[in-house]
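Below is one structure, written out as structure tokens; comments come after it.
The values are calculated or read from the model by the stated rules, or taken from the named source; none is laboratory data. Keep in mind that this is a model prediction, so the values were computed, not measured. Every residue, glycine as well, gets a Cβ built from its backbone with ideal geometry; the counts of neighbours run over all protein chains shown. Only protein heavy atoms, including side chains, enter the accessible area calculation; ligands, DNA and RNA are left aside. Shrake-Rupley method; radii C 1.70, N 1.55, O 1.52, S 1.80 Å.
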Amino acid sequence: MPVTINAPLTLPSGLTFPNRLVKAAMTEGLADSRNRPTEEHVTLYRRWADGGAGGLLTGNVQIDRHHLERVGNVVIDAKSGDDALDGLSRWAEAAKSHGAAFIMQVSHAGRQTPKLVNPRPAAPSPVALGLPGGQFGEPRAMTADEIKAVVEGFGRAARVARKAGFDGIQVHAAHGYLLSSFLSPLANRREDDWGGPLENRARLLVDSVREAKVQGGPGFSVSVKLNSADFQKGGFSHADCLAVIDMLNGLGVDFVEISGGNYEQPAMMDTEGLEPAYEDTRRSSTREREAYFLSYAKSVQERAGMPLMVTGGFRTRSAMNAALEAHEADLIGLGRPLCVDPATPLKLLSGEADATKWESQLRIGPGIFGPNSPIKLIQALNGFGAMGWYYEQIRLLGAGKPTDPKLGVLKAFMAHQKKETSSAKAWRAAMP
Ligand SMILES: Cc1cc2nc3c(=O)[nH]c(=O)nc-3n(C[C@H](O)[C@H](O)[C@H](O)COP(=O)(O)O)c2cc1C
């Protein structure tokens, strides 16, 4: 019998996904001004749970309230009070109400922390993001003690997540956030035990996974999201990725999710048009053109001792089933389509739909105002604009309302920016 999206999967920890479709991590931005989960999280995840995915990953939950990717992130840090546990438990209960496995993605935003949150974010080295628009501050190099506090932070998050009823945590080591920036030779210029050779650059990831395993305890799932590559010249390469997989093999990691890119090079949203000089981005088969990290996943699969989740671009049931059957992926991650229609997994699993609905043409304007504009600022605005569009859909879902696929990108972006700025004020006022 060929493996299909309908087949269950039991991970090494003993955790079972009732089917192979997993809602990928998507930042919700719905926490209250003290970074606790809200009723909007409960409504949102109940709707995603009703949608039938075998697993649900949260958007990134941060281990330090001074290093957020957005003001509305949920935080578990040394300043979190016991009152946060109640909200986390209600969140977990809603997400698991239809039998899906529920995993908390845990992160530290590092130098990708917006200025609104922290004008001097901590990072491996004082290397600023190469992005126009002035949204991010000048990073400063972390001390050895601060680095050790990060390791403890991942452990704390695992302990609290388990207590609240989550099935596991995913250590976020992709997309340019702190752990990913430590892995990158471009962002990490340290000359101590945490920089230089890959073994040193990967130390923070390895130590954080070890600590999460200890604090989560037996049977608690600890997974990792890792870039197949950063797609930047001189950055974290695919060869680096394979070597990190070798390191993770010995650590009891429950599964690895393969993605790619960072804020400077947002390959996680599509690798189309990336300079082939950096990495081989040719896609030989139809399904590799659809799910753009599959060719990388193939080589990871040859090295990985644990199951592999692949996220990015999956839209048709046939490509998903083919990837499973060819053993290129064991779990299929779905992101954007679930912002448009939360019932996407059920429709694919039952055969009611052959493909997901999603918006592929999100842009601020036509031609030179579009994502392929020669002007860097307009390119970036299109990227952030499209994200604002998805954030607005998530906000609607969390409010119990229907999604609005006709929403204009510029309008969504402006509305989103306005809300972020006003929540930043409330957040600063409530800082403990
Ligand atoms: C609105 C939105 C928020 C996201 N937030 C996160 C996040 O918190 N953590 C993460 O690892 N990836 C995040 N991503 C990336 C997704 O997990 C996924 O890798 C990406 O959307 C590609 O998958 P897709 O083609 O199925 O959308 C986000 C994507 C979107 C659209």
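Couple of notes before you dig in:
- Of the residues Gly110, Gly59, the single one that is under 26 Å from Val256 (Cα atoms), at pLDDT 95 or above, open to solvent by less than 20 Å² (accessible area, probe 1.4 Å) and touching a His at 6+ places or on another chain (Cβ under 8 Å) is Gly110.
Yes or no, residue by residue, for (1) of a type outside the set (D, E, K, R); (2) closer than 20 Å to Ala329 by Cα; (3) within 17 Å of the chain's Cα centre (by Cα):
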| position | (1), (2), (3) |
| --- | --- |
| Val224 | yes, yes, yes |
| Ala229 | yes, yes, yes |
| Gln232 | yes, no, no |
| Ala239 | yes, yes, no |
| Asp246 | no, yes, no |
| Gly252 | yes, yes, no |
| Glu257 | no, yes, yes |
| Thr271 | yes, yes, yes |
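- Test: Ser223 is hydroxyl-bearing (Ser, Thr, Tyr), in a strand (DSSP E or B) and either in contact with a strand residue (DSSP E or B) (Cβ under 7 Å, 6 or more places away or on another chain) or open to solvent by less than 50 Å² (accessible area, probe 1.4 Å) (or both): yes
- The stretch 360-394: number of residues that are within 16 Å of the ligand (Cβ to nearest atom), over 15 Å from Cys339 (Cα atoms) and in contact with a Lys or Arg (Cβ under 7 Å, 6 or more places away or on another chain): 2
- Within the stretch 395-418, the set of residues being free of Cβ contacts under 8 Å to residues at least 40 places away in the same chain and either acidic (Asp, Glu) or within 16 Å of the ligand (Cβ to nearest atom) (or both) comprises Leu396, Asp404, Leu407, Ala412, Ala415, His416, Gln417.
- Scan of the stretch 358-379 for residues that are surrounded by 15 or more Cβ atoms within 10 Å (Cβ to Cβ) and within 21 Å of Glu28 (Cα to Cα), ordered by number: Trp358, Glu359, Leu362
- A count restricted to the stretch 319-328 and to residues that are within 15 Å of the ligand (Cβ to nearest atom) and without any contact (Cβ under 8 Å) to a residue 60 or more places away in the chain stands at 2.
- Count - residues of the stretch 72-130 that are more than 23 Å from Gly388 (Cα to Cα) and hydrophobic (A, V, I, L, M, F, W, C): 17
- The single condition from (1) in the same structural domain as Ser259 (by TED's automatic domain parsing); (2) free of Cβ contacts under 8 Å to residues at least 40 places away in the same chain that Ala25 fails is (2).
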